[in-house]
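Encoded as structure tokens, the structure appears first; notes follow it.
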Amino acid sequence: MTLKTAKNERVQAKRKKTAGRAKIISGEKASIFKNFEKCQIGVIGAGKLGEVIIAGLISQDPSIKSRLLSTTDSNERAEYIKKKHGVKCGADNIALAKSSDIIILSVKPQNVAEVLNEIKPYLDKTKILVSVAAGVTIFYMESFLKDDVAVIRTMPNLCCQVGAGMTAISKGTHANNEHVELAKKIFEPISRIVVIDEKHIDAVTGLSGSGPAYIYIAIEALAEGGVKVGLPRDVAILLAAQTTLGAAKMVLETQEHPAKLKDMVTTPAGVTIDGIMELEEGKFRVTLLKAVLKGAERAKELVKN
């Protein structure tokens, strides 16, 4: 064997070894993204919604505390999060971005640009950015980031606070189905999930985002009706709220059309049909429909602004 041949063999062996190491490293990162239980998760903005997400993740798997980081600009809030949830909480967004595989952006919409400018040098294709900032588009967030960063935009609603929320998920230009599955695991403990194109997010905002407020008005009105006919207020509110909960649960669990379930309650010449006539005369149905349309239109205006 000549010296030249031996040298070539050593070079080839080194290349194979390096290539093998690269495959292993790549495989490790891929396995992390496939295995949610290995991901380091950071929540930037441990406010009300950020805390709900943290609490939901812990309820699903208490051991996740060791893989959770969070930040807030309030020392008092940081101490509260650490004491109540046993999760590290500080003010260093950069440290969080460096050490997290999944970064959850849970700040006010007007603060998104500031935070993204701060952490963008530390985001690349090995990271996932999941935003819950209302009205902030994927295009806007991606404009701050490198071309290969996976961005997921979400729209959760208030009911996530009691584990009965609704969350819409939209994937960005560089996100794939694997990223979506990871994002779903974040919200599964606190809500049902629908994956949609971002073009539908404004409609979601008008329906499930604002919808709880409309339902609260309906519950309040039902309860007031009960008070009007002689029920104690606390009893009337309980009856109205539980009736609303039960009706929603029947829609979800039977998967029947609401109109069919309505007909099951509405017996010929009975009590319910008279009530429905009053609702129709008062344009209850079209008023709710208009509320959703108006909410969606307003959401579009906020995005443009």
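If you check every pair at least six apart or on different chains, which have Cβ atoms under 6 Å apart with a residue in segment 134-157 that is on the phi > 0 side of the Ramachandran plot and modelled with pLDDT under 95 first and a residue that is open to solvent by 10 Å² or more (accessible area, probe 1.4 Å) and among the aliphatic types (A, V, I, L, M) second?
What qualifies is Gly135/Leu302; Gly135/Val303.
Return yes when Arg192 is closer than 27 Å to Lys294 by Cα and either open to solvent by 80 Å² or more (accessible area, probe 1.4 Å) or hydroxyl-bearing (Ser, Thr, Tyr) (or both) and no when it is not.
Values: closer than 27 Å to Lys294 by Cα: yes; either open to solvent by 80 Å² or more (accessible area, probe 1.4 Å) or hydroxyl-bearing (Ser, Thr, Tyr) (or both): yes.
Considered against the rule, which asks whether it is closer than 27 Å to Lys294 by Cα and either open to solvent by 80 Å² or more (accessible area, probe 1.4 Å) or hydroxyl-bearing (Ser, Thr, Tyr) (or both), Arg192 comes out as yes.
Among the residues of segment 259-280, how many are surrounded by 10 or more Cβ atoms within 10 Å (Cβ to Cβ), of a type in the set (A, V, I, L, M, F, W, C) and outside any helix (DSSP H, G or I)?
0
Just to check your reading of the model, which residue among Lys29, Lys23, Lys38 is among the charged types (D, E, K, R), open to solvent by 70 Å² or more (accessible area, probe 1.4 Å), modelled with pLDDT under 95 and out of contact with any helix residue (DSSP H, G or I) (no Cβ under 6 Å at 6 or more places or on another chain)?
Lys23
Go through (1) more than 24 Å from Ser170 (Cα to Cα); (2) within 21 Å of the chain's Cα centre (by Cα) for Lys82 and report which single condition fails.
It fails just one condition, (2).
Would you check if Ala241 is modelled with pLDDT under 95 and either under 24 Å from the mean Cα position of the chain (by Cα) or not aromatic (Phe, Trp, Tyr) (or both)?
no
Which members of segment 156-189 meet the condition of being open to solvent by less than 20 Å² (accessible area, probe 1.4 Å) and more than 17 Å from Ala55 (Cβ to Cβ)?
Within segment 156-189, Ala168, Ile169, Ser170, Gly172, Ala175, His179, Val180, Leu182, Ala183 meet the criteria.
The values are calculated or read from the model by the stated rules, or taken from the named source; none is laboratory data. What you see is a predicted model; the values in this text were computed from it and never measured. Ideal geometry is used to build each Cβ from the backbone, glycine not excepted, and the neighbour counts take in all protein chains shown. Heavy atoms of the whole protein, side chains included, go into the accessibility calculation; ligands, DNA and RNA do not. Shrake-Rupley method; radii C 1.70, N 1.55, O 1.52, S 1.80 Å.
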